[in-house]
Number of protein chains: 2
Amino acid sequence: MKNIHIIGLGLLGGSFSLALKKVKPELKITGFDANLNHLKDAHTLGIIDEASEDIPQDTDVVILATPVDSLEKLLIKALEEVGENTLLIDFGSTKEALCKSVADHPKRAQFLAGHPIAGTEYSGPKAAKDDLLEKKVFIICEMEKTDVHLKGMAYDIFEALNMKLRFMDPEEHDRHLAFVSHLSHISSFMLGKTVLDKMADDKNIFDMAGSGFASTVRLAKSSPGMWAPIMQANKENILESLDAYIANLQVFREKIHSGDTSELSSEMNEINKIGDILDLGK
Amino acid sequence: MKNIHIIGLGLLGGSFSLALKKVKPELKITGFDANLNHLKDAHTLGIIDEASEDIPQDTDVVILATPVDSLEKLLIKALEEVGENTLLIDFGSTKEALCKSVADHPKRAQFLAGHPIAGTEYSGPKAAKDDLLEKKVFIICEMEKTDVHLKGMAYDIFEALNMKLRFMDPEEHDRHLAFVSHLSHISSFMLGKTVLDKMADDKNIFDMAGSGFASTVRLAKSSPGMWAPIMQANKENILESLDAYIANLQVFREKIHSGDTSELSSEMNEINKIGDILDLGK
């Protein structure tokens, strides 16, 4: 493995490259980004050694790290372009539609459907960090559909990056992610909106915001260009999680309204156990 | 100023004492907590020099740092007990009802209504940290109702602790805090509940939770004993903020449902500006 090509040089693509260069400095990393400012920044920041719109002939692994609405087209185009010894890996946040789109593709075995569970509320190559992926979970879907030999390169990379592999089918991935990622982003965006709307009356409201507010609203800084397509691609699961969330809020609202403090208390007590569950995962 | 007495030796009362001891080691700090394990821990951890259920005669400043449902009774009892040179300060998260309850009290001038905007999702003396209050906002309500001489001691303390003072009336405080603190806690608790409910079907769901989920659900670890009373004391403002939040979620849900990606995108773009506003406050 000598040559890597990355399409999409934002937070994930950029962080992937920086991490890989640290542990495998001998690799040559080329790449492209449709945003030419990002492409230039990625070069300046040493994320890529060389810019290239086409996938170079001798590329071993191509990484697709663009928003999910562009992945399907990019993946099919890349599959046409590459030789038989090249592996394609995507980093998209939704997996079902993408996997379906290439289910019967003659070169399906050259594709590995992946999703690194890592990110921040920032985007673009300047937000990339060489430790973003460190010890994070990397989900692989339909691993049995990828060629054994090519898959070996992916395992080498993710092991070198110290990532924890998890395997599941694309439907399960999308269903889970709606609850533990996509819903969080929506709750955070709407919390931000609710307080911004209130600010129209009360200019100094943010003066009183503490670390709790900052923590719950942090994701409202996330990139709309990344998130609107996710909400489209994973619509059904997101609607299910959102409806459950809104229903829970409405029931809790009625408990506050009726002033049943002991009922509120016992409900929050039950939910407190999420702390233990999250800490277990550390 | 020589003697401080703290009632409620949890996260806030404990952190206050540890910070004060660092900058004013000559002070003698006594205290009490109705939870006798907390009282014992506070003594062991050096949060108090001595346990005392009664407020010692020569106390200069009494801090009330208990959940809001106990503050009114405690404050009135303490006002009866203390001599005319003692200042009482409360740290409660809601201010309107408490200020009203002592509005006509003959010793009203010996009370300062305060609220340090600081906390974590943890509680109890073991969670106390000597830097929790550092550079945080301390809100004072009805400052004109507190005796000028006694108030001087409070200013000395908060200056020594490097806190930033803000002044507002109790109604404004409670209205603002509903939006920038209380709502965040409810959104976080309900997010936790929604995912815990889902976990009944999908045991491994937390494996896929990244830092975004952890951030939005962090407050769901908060103490029900502290938060149920806040939801009671600030019910009307909280219901207003919660209704606005639920309405925003419902409108956004419909936009996802109708698949209007550009509308979702432009709405999230608008909300992104919360990042600049929050960063300005740093």
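None of the figures in this text is laboratory data; all of them are computed from the coordinates on show. Computed from a predicted structure; not experimentally measured. We place every Cβ from the backbone using ideal geometry, glycine too, and count neighbours over all the protein chains shown.
Listing for the model above:
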| read-out | value |
| --- | --- |
| Label point distance in nm, B:Lys255-A:Ser70, each placed 7 Å from Cα along Cα→Cβ | 2.2 nm |
| At 1.567 mPa s and 4 °C, Stokes D of the protein assembly as shown from Kirkwood alpha-carbon radius, µm² per second | 50 µm²/s |
| Pseudo-label separations to other copies for A:Asp156 - Cα-to-Cβ vector, 7 Å, nm | 7.1 |
| Rh (Kirkwood; distinct C-alpha pairs) - chain A, Å | 20.6 Å |
| Computed E for B:Lys24/A:Lys203 - FRET, C-beta separation, R0 30 angstrom, nearest 0.05 | 0.25 |
| Exercise: per-residue mean of other protein chain Cβ atoms within 10 Å, A:162-170 | 1 |
| Length-normalised contact order of the range B:154-226 in % [C-alpha pairs under 8 Å, at least 6 apart] | 37 percent |
| Amide N proximity, the range A:43-76 versus A:Ala97 label position 7 Å along Cα-to-Cβ, cut-off under 19 Å | A:64-76 |
| Subset of B:Lys21/B:Lys164; A:Lys77/B:Lys198; A:Lys203/B:Lys24; A:Lys136/A:Lys203 violating a 28 Å alpha-carbon distance limit | A:Lys77/B:Lys198; A:Lys203/B:Lys24; A:Lys136/A:Lys203 |
| FRET efficiency, 1/(1 + (r/R0)^6) with R0 56 Å, evaluated for A:Lys107 and A:Asp279 via beta carbons | 0.85 |
| Binned Cα-Cα distances of the range B:193-240, short to long, each 5 Å bin given as a whole percent | 5, 16, 18, 19, 16, 13, 10, 3 |
| Positive dipole terminus of the protein assembly as shown, leading residue within B:His115, A:Ile48, A:Leu79 (C-beta point charges) | A:Ile48 |
| Charge-dipole axis of the range A:169-258 as Lys and Arg at +1 and Asp and Glu at -1 on Cβ define it, positive-most pick from A:Thr194, A:Asn234, A:Ala178 | A:Thr194 |
| Dipole moment magnitude, nearest 20 debye, the protein assembly as shown about Cα centre, only Lys, Arg, Asp, Glu C-beta charged | 900 debye |
| Around B:His43: net Lys/Arg minus Asp/Glu count, Cβ-Cβ under 14 Å | -1 |
| Residue exposure sequence - A:Leu36, A:Leu9 - by fewest surrounding Cβ within 10 Å | A:Leu36, A:Leu9 |
| Inter-label distance, nm, simple model (7 Å from Cα along the C-beta direction), B:Glu53/A:Val148 | 7.6 nm |
| Amide proton proximity set for A:Val137, modelled H, under 5 Å, gap of 5+ | A:Ile117, A:Lys164 |
| Amide H within-cut-off set for B:Lys95, under 5 Å, with H built and near neighbours excluded | B:Asp174 |
| Packing-based exposure ordering (other Cβ within 10 Å, fewest first) of A:Asp130, B:Asp33 | A:Asp130, B:Asp33 |
| Relative exposure of A:Met268, A:Met226, judged by other C-beta atoms within 10 Å (fewest first) | A:Met226, A:Met268 |
| A:Ala34 paired with B:Glu134, simple spin-label distance in nm, labels 7 Å along Cα-to-beta-carbon | 4.6 nm |
| Positive-pole candidate from A:Ile277, A:Tyr245, A:Ser215, dipole of the range A:177-281, charges at beta carbon | A:Ser215 |
| Value at 222 nm in deg cm²/dmol, rounded to 500, when DSSP H runs of n ≥ 4 in chain A each add -39,500 (n - 2.57) | -15500 deg cm²/dmol |
| For A:Asp49, inter-copy label distances in nm, listed shortest first [label point 7 Å out on the Cα-Cβ vector] | 6.8 |
| For the range B:9-137: relative contact order, % (alpha-carbon pairs under 8 angstrom, 6 or more apart) | 37 percent |
| Charge sum, other residues only, whose C-beta stays under 13 Å from B:Glu267's C-beta, Lys/Arg counted +1 and Asp/Glu -1 | -1 |
| Degrees between helix A:148-160 axis and first principal axis of chain A (Cα, 0 to 90, nearest 10) | 60 degrees |
| Value of D in µm² per second that Stokes-Einstein yields for the range A:3-168, Kirkwood Rh from Cα pairs, at 4 °C (1.567 mPa s) | 84 µm²/s |
| Label point 7 Å beyond Cα along the C-beta direction, distances from B:Asp197 to other copies (nm, shortest first) | 2.2 |
